[in-house]
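Visitor: What follows is a single structure, and I will ask about it in a moment.
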Amino acid sequence: MRLLGTHLVDDFIKKHPKAKGALRRWQKIIEGEDYRSFVELRKTFPQADYVRGKTVFNVGGNKIRAITFIEYGIRQVLITHVLTHAEYDNRNWIDYEIITRTFSRTKYDKLK
């Protein structure tokens, strides 16, 4: 799979250096596989969840959440967030997604 948004992994590691090993292992697995569906992906990551159009991975013994948007047809994974378990439980990332989608539908896009 082609993995986009890896700068978010790098940024998270800078803040949480102990997470490096787990995130790099997750990254290597994703990049080395060729998933065709969520069902296939769950064979490797049985704890992955599908939440509001995103695939959420539990990384590092359930301490980290990698939130992604996956396009199986073109074998592409876009990382949208990398969060601690506590940050994920805050659910602010869901609010961000709703705001982003709502804003993108406004007349602002026509001004570009």
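The values are calculated or read from the model by the stated rules, or taken from the named source; none is laboratory data. In this text, all values refer to a predicted model and were calculated from it rather than measured experimentally. Cβ: placed from backbone, ideal geometry, glycine included. Neighbour counts: every protein chain shown.
Visitor: Would you check which residues across region 72-90 are part of a helix (DSSP H, G or I) and under 19 Å from E33 (Cβ atoms) and list them?
Guide: Y72, G73, I74
Visitor: Name every residue in region 59-112 that is modelled with pLDDT of 90 or more and either polar (S, T, N, Q) or more than 21 Å from D10 (Cβ to Cβ) (or both), in order of residue number.
Guide: Once the filter is applied, which keeps residues that are modelled with pLDDT of 90 or more and either polar (S, T, N, Q) or more than 21 Å from D10 (Cβ to Cβ) (or both), region 59-112 yields T68, E71, Y72, G73, I74, R75, Q76, T80, T84.
Conditions (1) surrounded by 11 or more Cβ atoms within 10 Å (Cβ to Cβ); (2) touching a residue at least 40 places away in the same chain (Cβ under 8 Å); (3) in contact with a strand residue (DSSP E or B) (Cβ under 6 Å, 6 or more places away or on another chain); (4) of a type in the set (S, T, N, Q), marked per residue:
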site: I30; (1), (2), (3), (4): yes, yes, yes, no
site: R42; (1), (2), (3), (4): yes, no, no, no
site: F57; (1), (2), (3), (4): yes, no, yes, no
site: R65; (1), (2), (3), (4): yes, no, yes, no
site: F69; (1), (2), (3), (4): yes, no, yes, no
site: G73; (1), (2), (3), (4): no, no, no, no
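Visitor: Quick test of your reading of the structure: F38 fulfils all but one of (1) closer than 13 Å to V82 by Cα; (2) touching a residue at least 12 places away in the same chain (Cβ under 8 Å). Name the failing condition by number.
Guide: Status for F38: all satisfied but (1).
Visitor: Pairs under 6 Å by beta carbon, first residue under 15 Å from A19 (Cα atoms) in region 75-90, partner of a type in the set (G, A, S) and part of a strand (DSSP E or B), six or more apart or different chains?
Guide: V82/A66
Visitor: For region 46-55, enumerate the residues that are touching a strand residue (DSSP E or B) at 6+ places or on another chain (Cβ under 6 Å) and assigned to a loop (DSSP other than H, G, I, E, B).
Guide: Hits for region 46-55 are Q47, A48.
Visitor: In region 2-58, which residue that is acidic (D, E) and either modelled with pLDDT of 95 or more or over 15 Å from the mean Cα position of the chain (by Cα) (or both) is farthest from Y72 (Cα to Cα)?
Guide: Restricting to residues being acidic (D, E) and either modelled with pLDDT of 95 or more or over 15 Å from the mean Cα position of the chain (by Cα) (or both), the top hit is D11.
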